[in-house]
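The values are calculated or read from the model by the stated rules, or taken from the named source; none is laboratory data. Quick caveat, the model's predicted, so the values are computed rather than measured. Don't worry about glycine lacking a Cβ; one is built from the backbone with ideal geometry, like all the others, and counts go over all protein chains shown. Just the protein is used for accessible areas: all its heavy atoms, side chains included, with ligands, DNA and RNA removed. Shrake-Rupley method; radii C 1.70, N 1.55, O 1.52, S 1.80 Å.
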Amino acid sequence: MAKTVLLVPHNHFDPTWRRCFDRLAVYNGVTVRGYTEVEDQICSAWLAMAPAGYTFTEGQTSVWRAYLKRRPETAETLRRLTKSGQLCCVLAGETVQDTNLPAAEGLVRNFLAAAPFYRDFCDDDHQGLRMAWLEDAFGTTPNYPQILRGVGAEIACMTSYRQCPEDIWVGIDGTRIRCYDQLPVHGHIGCVGAQPPCKACRGVGCAACLHTGMVIENTIDLVEARQTLQSALDAIGDLAVVTIGGEETMPHPGIPALVDELNRANSTRGAIRFATVADVADAHAIRLSAAMATRDDTPTPELNPAMPGTYVSRIANKQRTRNVSYLLVAAENAIANAAWATGSPVEQPADIAEAWRLAAFNQFHDAITGTHIDSANVELIEMLDRAEGIARKHLPTTADANPAGEVFRPLAGDAATLRLGNLDVTVDKTGIVSVSCDGKDVFGSLPYVRRRRDFRIAELVLESDYGDAWGQRIPSFVFGGENFGQVQLGDYNDSVEIAEGAIRWRGTYTGGDPHVAKLSWTVTVRASADGRRLDFTTEVDWDTRSKRLRVVIPVASHEDSATWETAFGFIDRRYDESQLDYSQWHGNTLDYPALHWVRRSVDAGSGVAVLNRGLPCHRWMPGRLDISVLRSPEWEFCAVEPCHYEFWDIDGQRDTGFHRLEYSIWPYTQPLSAGDLTRAGYGHNAPHCSPPPFKITGDVAVTAWKPAEDGSGWILRVHEAGGGETELSLGFAEPRTVTRTDLLERPQETGVKAARYSARLGKHQILTLHIR
């Protein structure tokens with residue numbers, strides 16, 4: 001059989017990272033053009049080569065929407081090329097998300113926000129829309145296969161940094177999806193382009209750069225291309241795959257002629273043809289089908305952590321994006337309830353759809369992760385401001401709880417035991433000494449060797465963190481399992497004060513570390529509304545270099561694992577010192593992302609759980625649970641690459657300034673189910689939501705109650721929350737037609753009309769229902 005070489009062009013497009021998206025970045029007298037301009041150049045260069053058969057792959061709708069705004073005359077050509085398969089519009093959604101840090105519902109909305117564009121741009125059966133695109137995301141949430149299958153994907157592509165190790169990727173619910181990433185590739189042509197600012201005009205635009213502000217360089221080497229393609233033709237076997245491109249890499253106009261030349265010279269041996277990732281998957285369809293037929297439903301080993309510094313860097317991006325997502329969920333909730341009361345469904349408001357696009361853009365893997373330049377950060381925060389304004393317009397005005405009337409007074413004596421809710425809390429100037437719940441203390445005491453005292457409960461701890469926005473790169477000063485570089489900041493508290501139902505500590509670091517220009521804090525703790533938790537508000541004024549701030553919670557357990565909530569589920573993770581790695585591409589500091597909660601049981605009926613509000617980085621070590629809340633990385637790593645151009649607009653990665661951090665600690669002495677913990681986590685993060693106007697029973701969490709996108713009814717989305725099976729039951733005041741849909745609200749069955757609807761949900765299963 002004649003040899004076939006599939007030549008697959010591809011460019012990785014970032015909507016934000018070392019540039020802004022749709023504005024200029026200016027620093028040190030240099031202007032860096034936005035990604036919309038770079039991507040305009042690359043897409044236009046490809047279109048000029050398309051008549052020669054050159055293929056292209058891109059599916060982020062934010063990229064295509066921006067391109068068509070600049071080049072509306074290309075719309076029909078792009079649709080034609082998509083229809084023919086020459087343009088593979090892969091299923092990326094609005095942007096290629098970070099899947100660990102956004103709200104669970106935000107991951108769904110990334111695709112739902114993109115769906116109208118895909119419907120207009122592609123045929124329903126476009127092969128690219130079965131290829132889910134994950135390129136460059138830093139690890140992957142473990143229930144993502146179910147989400148991808150729920151939006152119509154059949155194959156997952158480009159799991160990154162913790163790559164899927166097999167041809168089938170299995171989620172924690174047992175969902176299986178084919179995976180592209182282990183399919184063989186013979187070779188690659190090209191590298192990162194990173195088009196630099198024009199030297200003549202320093203990026204402003206001039207005649208020398210054709211007013212682009214950039215030196216449009218083509219980094220494809222035709223000699224390398226010839227050698228790689230000839231090697232592929234000479235290789236054993238009847239199929240070889242060669243990729244070509246990179247990042248910001250211009251398509252080389254000489255490639256089609258080179259392919260023609262090599263095909264003529266090797267006409268009796270084989271042929272090179274331009275292809276896409278969909279063609280590669282089709283060529284390996286037998287292999288992937290065989291793997292699917294034999295793979296059981298045991299979950300794939302977790303694809304985290306990857307770049308764990310991103311769980312903390314620029315913490316406000318995570319807090320704001322999460323908060324805006326939950327405000328949008330609450331706004332939809334209010335709209336749905338109001339429509340239900342009138343008896344007439346309404347369409348999803350256009351401005352809510354726009355706000356979700358802005359939120360999904362901020363869930364991009366170099367946005368919510370904090371791995372971008374300062375100018376881009378300003379652009380991102382302005383997007384979130386717009387989205388929040390839209391959400392609040394649809395929310396009823398409510399008066400937030402105002403503790404301003406509290407009167408604090410100094411603690412009398414050196415220590416005291418106070419009653420906060422159902423908890424007896426013993427405090428001194430250094431912090432919380434103990435907490436008793438029903439007469440039992442589940443926090444315990446950490447053993448120490450070279451430490452003046454035990455950690456206090458939820459004590460702030462300062463430690464060195466030499467690294468970049470992506471991760472810590474130098475190990476901590478550790479001996480015998482203890483970090484001797486840690487500073488217990490309770491020793492620097494200036495005061496402890498009490499009010500009715502509240503305790504407050506104020507402190508300022510005065511230890512003299514030259515990396516700390518400013519570090520002061522106010523920690524206030526109150527009982528939660530139900531009296532079962534301690535709700536913390538920590539305000540920090542921060543100006544440091546190469547530091548990390550943690551909250552340390554001693555727990556009376558020395559087991560090696562704890563449980564983290566993830567999007568639509570939860571997972572156990574182990575502390576294993578042998579896995580510690582501080583390298584650039586495989587870093588693992590045993591910090592992991594959490595959606596809302598982390599829990600460590602002490603015994604069958606008691607333990608400690610922590611709820612976070614936009615603070616997703618947690619670490620369990622035997623005897624202690626950490627929340628990592630701030631980092632101040634200095635190393636440039638990927639944020640500045642002088643080999644391409646220097647643009648040191650990254651000081652903001654140190655996160656200097658004022659921060660408000662919220663978290664809740666839940667000591668429990670009666671059994672606490674994962675479902676109850678999950679529902680509490682949603683309540684803690686989305687307090688503006690009210691329940692749907694009908695009865696819901698079952699061990700589920702409601703993640704969305706909204707108008708259907710097409711205005712034909714209402715959408716309810718739940719997931720099994722307890723980690724087993726549950727019977728969902730909906731009870732209506734009058735008969736309603738309920739239809740199962742996929743995550744894009746497309747019907748999957750014939751509707752059932754009744755006053756009561758029941759469905760069986762499996763472990764971690766997501767269920768979306770259309771109700772009318």
*Local net charge near A225, Cβ-Cβ under 14 Å (Lys/Arg +1, Asp/Glu -1)*: -3
*What per residue convex hull volume, in Å³, do the alpha-carbon atoms of segment 1-68 yield?*
117 Å³
*asked:* Students often forget the sequence filter, so: which lysines lie under 30 Å Cα-Cα from K83 once same-chain residues fewer than 8 apart are removed?
replied: K3, K69
_Cross-link partners of K518 among lysines (Cα-Cα below 17 Å; sequence separation of 8 or more within a chain)_ = K547
*Pairs of alpha carbons in segment 85-193 whose separation is greater than 17 Å (percent)*: 54 percent
*With unit charges on the beta carbon (Lys/Arg positive, Asp/Glu negative), name the residue among I189, A271, I286 whose Cα is farthest towards the positive pole of the charge dipole of the chain.*
I286
*Can you tell me the Rg and Dmax of segment 171-246, counting just the alpha carbons, in angstroms?*
19.8, 58
_For the chain, with +1 on Lys and Arg beta carbons and -1 on Asp and Glu, the positive-most of V108, C198, G139 along the dipole_ = V108
*asked:* Charges on Cβ only, +1 for Lys and Arg, -1 for Asp and Glu, centred on the Cα centroid of the chain; of P308, V555, P691, which one is farthest towards the dipole's positive end?
replied: P691
*Using only the Cα atoms, work out Rg/Rh for segment 207-315, with Rh taken as the Kirkwood radius, to two decimals.*
1.12
*Length gain on complete extension for the stretch T342 to R760, per 0.36 nm per residue less the alpha carbon to alpha carbon distance?*
147.4 nm
*Taking all pairs of different Cα atoms in segment 476-609, averaging 1/r and flipping that mean, what Kirkwood radius in angstroms comes out?*
17.9 Å
*Where nothing but the Cβ of Lys and Arg (+1) and of Asp and Glu (-1) is charged, how large is the charge dipole of the chain around its Cα centre, in debye to the nearest 20?*
860 debye
*Would you mind checking the tilt of helix 350-362 against the longest principal axis of the Cα atoms of the chain, expressed as 0 to 90 degrees and rounded to 10?*
90 degrees
*asked:* Compute the angle between helix 75-84 and the longest alpha-carbon principal axis of the chain, please, reported from 0 to 90 degrees and rounded to the nearest 10.
replied: 80 degrees
*the chain - percent of accessible surface contributed by carbon and sulfur, probe 1.4 Å*: 51 percent
_Mean Cβ neighbour count within 10 Å, used as a protection proxy, ranking 206-212, 338-344, 722-728, 156-162 highest first_ = 156-162, 722-728, 206-212, 338-344
*For segment 291-401, what is the convex hull volume of its Cα atoms per residue in Å³?*
205 Å³
*Largest first, what is the accessible-area ranking of Y575, Y668 with a 1.4 Å probe?*
Y575, Y668
*Compute the Rg/Rh shape ratio of the chain: radius of gyration over Kirkwood radius, all on alpha-carbon atoms.*
0.98
*Given the C-alpha centroids of segment 168-240 and segment 281-347, what is the distance between them in whole angstrom?*
28 Å
_Before I look further, what does the chain give for accessible area per residue, probe 1.4 Å, in whole square angstrom?_
37 Å²
*Once the convex hull of the C-alpha atoms of segment 559-656 is built, how many Å³ does it hold per residue, rounded to a whole number?*
135 Å³
